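Engineer: To start, I am sharing the structure in question, which I have written as structure tokens.
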């Protein structure tokens, strides 16, 4: 009983429901281990008793939590409405200098009115992250971080459609073996001006952990705060034209062309390491060119804006060049970013630290250029960036922010009907208590970095704002448990930063979602994600959901980077692929029958709606594509536009009939995840220039631009 109470006070679940109506206990060893990662000793009954007494005493004596949220214009939280009479409140505003006069308030006799957004005693501070101090009668002064947030994040100005693409997969005639930020700007400009696209969503562009080979997954980065310079278009750096040895640069550019041609013409996979090896050499030459006074001033402004976070990131990059990419294996004195030895190393590696700072600046500049190109092309949203769930345990973020992470723990997913073993993603979670104590500074910092040059932000596994499944090191995912965040505070920080940047927010809320989560997100204006194949009447007969019954506040798509392409789904190619790789747990015929029945229900609905001709015959799995397959892909996307969804996303490979998934979950070396270029229906790679001229793409877009069935959609 004491352990359960202690766990509850720290947001650690002691039971788990793998399915409706089924609840089981979390192993005691898991609860003890997770509490230990939160700095709470629960290893003995005496330790549990002492920790529980301390936690309950703190709960009784504290007036409010480490971080308190006030939603602008809404009723005050209980922590404020329950303050003792006569309590004096002082608010030091976020932008105030230390000597500035803070706002002062006093709780009136009888206490505040909890029914309204405030009363005469409460003067709402401006939106921001402030410092609140309370002096209650007969108590020591207490303070906390006060987040004053708007009620909702910005919304798309109108219903819009756009493209979803893994940037590395989109090569052009100027790419050095993988898609880059120049290609992103070009895609946005072309699709906005010629196709009426409102946005382009890309994979996470976070800084990767260097390796040999580097993990190609964009969802296991070194840092989520800073972008990866591998995405730079080297020729677009202003100093490129002033390199004193243009012959050397030209030789590197030709080698980049060879990498591109190997992918496009010879069936090679995208080789991120080879691309970076060339770009690194070229950038060494480019960065040796002195900056003009104006450019130097811009760089200094960037350094000042990024502050210590960029210094730490750049120092980690410099140290990783010397000691390897996992800081746990560095000399012990360098594992602490604030040690004397690390300070000396910073001075000794000053040139390399500056080098990595400049790479971050150049990458941020080209990210800004891409968003500018999108908006100038008429896109109402522009570039949609993606926020991964977590970071690599040995990367820059965990080194620089060690106190914020729960070491010895990994984020994953619990066992469910689709995966009885659960999942372990190998990503250390943030400590909810450390985040709250810091006023959510790490979360605010990474959001500001990502939102600076974004029209919208997609949050992978957005349920992680509420809780995450923690797996103790050395244990299977089945022996994990949920650990809760202060969702109100996480949402307030997200809404505030999105408001400041003017960005839309899309949450990936697929799969099992805790009751109330989607409603909480919708209340704050965070759009959900609806994928066609999953949209069924689960509360009724289980059949495909008619378009008018889809939710409005979402990004509607036919697929994602982790799912089969639309052509593969329609033809059953995704099933035969898993069969070839030995991933099926049932006979192939059985899998194909079940998948075919699922697809047939959707095709029947498309036919009833007049979106697909009667009797359309799709090619069998593995067969060459046909006209009916293309018509079915068109029908699927016409269906999406009939839903009330605010945003409709078109998987760019679908526009040319690509049947290959970019990522096949559950595989590593069996399948070339994250290394395939966009290709046509026959698997022939397609460049950005060829996409722009593709008859199949234009046939799809012509169909989508045709007048659709009238649909009443009211936007606030």
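The values are calculated or read from the model by the stated rules, or taken from the named source; none is laboratory data. The shown structure was predicted, so the numbers you read here are calculated from the model rather than taken from an experiment. Neighbour counts run over all protein chains shown; Cβ positions are idealised from the backbone, glycine included.
Engineer: Can we say residue 279 is farther than 28 Å from residue 224 by Cα, surrounded by 14 or more Cβ atoms within 10 Å (Cβ to Cβ) and touching a helix residue (DSSP H, G or I) at 6+ places or on another chain (Cβ under 6 Å)?
Structural biologist: Judged against the criteria, residue 279 is not a match.
Engineer: Follow-up question, since we're still on this one. Exactly one of (1) at pLDDT 95 or above; (2) surrounded by fewer than 18 Cβ atoms within 10 Å (Cβ to Cβ) is unmet by residue 237. Its number?
Structural biologist: (2)
Engineer: Taking the criterion of being under 26 Å from residue 344 (Cβ atoms) and under 24 Å from the mean Cα position of the chain (by Cα), would at least one residue in segment 287-306 satisfy it?
Structural biologist: Yes, some residue in segment 287-306 is under 26 Å from residue 344 (Cβ atoms) and under 24 Å from the mean Cα position of the chain (by Cα).
Engineer: Another one. Does segment 440-461 hold any residues that are assigned to a loop (DSSP other than H, G, I, E, B) and farther than 20 Å from residue 483 by Cβ, and which are they?
Structural biologist: The answer is 452, 453, 454, 455.
A quick yes/no check of all residues on (1) surrounded by fewer than 23 Cβ atoms within 10 Å (Cβ to Cβ); (2) under 30 Å from residue 644 (Cα atoms); (3) in contact with a strand residue (DSSP E or B) (Cβ under 9 Å, 6 or more places away or on another chain):
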{"position": "140", "(1), (2), (3)": "yes, no, no"}
{"position": "149", "(1), (2), (3)": "no, yes, yes"}
{"position": "207", "(1), (2), (3)": "no, no, yes"}
{"position": "214", "(1), (2), (3)": "yes, no, no"}
{"position": "227", "(1), (2), (3)": "no, no, yes"}
{"position": "232", "(1), (2), (3)": "no, no, no"}
{"position": "253", "(1), (2), (3)": "yes, no, no"}
{"position": "257", "(1), (2), (3)": "yes, no, no"}
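Engineer: Quick one: residue 502 ticks every box in (1) at pLDDT 95 or above; (2) under 22 Å from residue 524 (Cβ atoms); (3) in contact with a strand residue (DSSP E or B) (Cβ under 8 Å, 6 or more places away or on another chain) except a single one, so which number is it?
Structural biologist: Residue 502 satisfies all of (1) at pLDDT 95 or above; (2) under 22 Å from residue 524 (Cβ atoms); (3) in contact with a strand residue (DSSP E or B) (Cβ under 8 Å, 6 or more places away or on another chain) except (3).
Engineer: Let me ask something else. Give the number of residues within segment 404-419 that are part of a loop (DSSP other than H, G, I, E, B) and in contact (Cβ under 8 Å) with a residue 40 or more places away in the chain.
Structural biologist: The qualifying residues number 7.
Engineer: Starting from segment 76-98, keep only residues that are surrounded by 15 or more Cβ atoms within 10 Å (Cβ to Cβ), then list their pairs with residues that are in a helix (DSSP H, G or I) and at pLDDT 90 or above whose Cβ atoms are within a distance under 9 Å, requiring at least 6 positions of separation or different chains.
Structural biologist: Matching pairs, first to second residue: 77/488; 89/80.
Engineer: Does segment 19-30 contain any residue that is buried (at least 19 other Cβ atoms within 10 Å of the Cβ) and farther than 25 Å from residue 151 by Cα?
Structural biologist: Among the residues of segment 19-30, at least one is buried (at least 19 other Cβ atoms within 10 Å of the Cβ) and farther than 25 Å from residue 151 by Cα, which makes the answer yes.
Engineer: Follow-up. Within segment 313-322, is there a residue that is surrounded by fewer than 22 Cβ atoms within 10 Å (Cβ to Cβ) and outside any helix (DSSP H, G or I)?
Structural biologist: no
Engineer: Inside segment 335-403, counting only helices (runs of 4 or more DSSP H) that do not spill past its ends, which hold 3 or more residues that are surrounded by fewer than 23 Cβ atoms within 10 Å (Cβ to Cβ)?
Structural biologist: 340-348, 350-376
Engineer: Are any of the residues in segment 203-223 within 24 Å of the chain's Cα centre (by Cα), over 22 Å from residue 280 (Cβ atoms), in a helix (DSSP H, G or I) and touching a residue at least 40 places away in the same chain (Cβ under 8 Å)?
Structural biologist: No; the residues of segment 203-223 include none that is within 24 Å of the chain's Cα centre (by Cα), over 22 Å from residue 280 (Cβ atoms), in a helix (DSSP H, G or I) and touching a residue at least 40 places away in the same chain (Cβ under 8 Å).
Yes/no matrix, rows are residues, columns are (1) under 18 Å from the mean Cα position of the chain (by Cα); (2) in contact (Cβ under 8 Å) with a residue 60 or more places away in the chain; (3) in a strand (DSSP E or B); (4) surrounded by fewer than 21 Cβ atoms within 10 Å (Cβ to Cβ):
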| position | (1), (2), (3), (4) |
| --- | --- |
| 433 | no, yes, no, yes |
| 463 | yes, no, no, no |
| 471 | no, yes, yes, no |
| 483 | no, yes, yes, no |
| 488 | no, yes, no, yes |
| 492 | yes, yes, no, no |
| 497 | yes, no, no, no |
| 505 | yes, yes, yes, no |
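Engineer: Take residue 514 and decide whether it is part of a loop (DSSP other than H, G, I, E, B), in contact with a helix residue (DSSP H, G or I) (Cβ under 8 Å, 6 or more places away or on another chain) and within 21 Å of residue 459 (Cβ to Cβ).
Structural biologist: Here the answer is yes, as residue 514 does meet what is asked.
Engineer: What number of residues in segment 344-398 are over 30 Å from residue 154 (Cα atoms) and out of contact with any helix residue (DSSP H, G or I) (no Cβ under 8 Å at 6 or more places or on another chain)?
Structural biologist: The total comes to 5.
Engineer: Based on this model, can you work out whether residue 240 counts as under 30 Å from residue 443 (Cβ atoms) and in a helix (DSSP H, G or I)?
Structural biologist: Answer is no for this residue.
Engineer: In segment 565-678, which helices (runs of 4 or more DSSP H) lie fully inside it and hold 1 or more residues that are farther than 30 Å from residue 188 by Cβ, at pLDDT 95 or above and under 32 Å from the mean Cα position of the chain (by Cα)?
Structural biologist: Ranges flagged: 573-580, 588-608.
Engineer: Looking at (1) in a helix (DSSP H, G or I); (2) more than 25 Å from residue 165 (Cβ to Cβ); (3) without any contact (Cβ under 8 Å) to a residue 40 or more places away in the chain, which is the only condition residue 538 fails?
Structural biologist: Evaluating residue 538 over (1) in a helix (DSSP H, G or I); (2) more than 25 Å from residue 165 (Cβ to Cβ); (3) without any contact (Cβ under 8 Å) to a residue 40 or more places away in the chain leaves (1) as the failure.
Engineer: What number of residues in segment 118-138 are at pLDDT 95 or above, touching a helix residue (DSSP H, G or I) at 6+ places or on another chain (Cβ under 8 Å) and surrounded by 19 or more Cβ atoms within 10 Å (Cβ to Cβ)?
Structural biologist: Selection size over segment 118-138: 1.
Engineer: Follow-up question, since we're still on this one. Taking the stated definitions as given, is residue 700 within 27 Å of residue 577 (Cα to Cα), out of contact with any helix residue (DSSP H, G or I) (no Cβ under 9 Å at 6 or more places or on another chain) and either buried (at least 20 other Cβ atoms within 10 Å of the Cβ) or at pLDDT below 95 (or both)?
Structural biologist: Considered against the rule, which asks whether it is within 27 Å of residue 577 (Cα to Cα), out of contact with any helix residue (DSSP H, G or I) (no Cβ under 9 Å at 6 or more places or on another chain) and either buried (at least 20 other Cβ atoms within 10 Å of the Cβ) or at pLDDT below 95 (or both), residue 700 comes out as no.
Engineer: In segment 358-398, how many residues are within 18 Å of the chain's Cα centre (by Cα) and over 30 Å from residue 334 (Cα atoms)?
Structural biologist: 8
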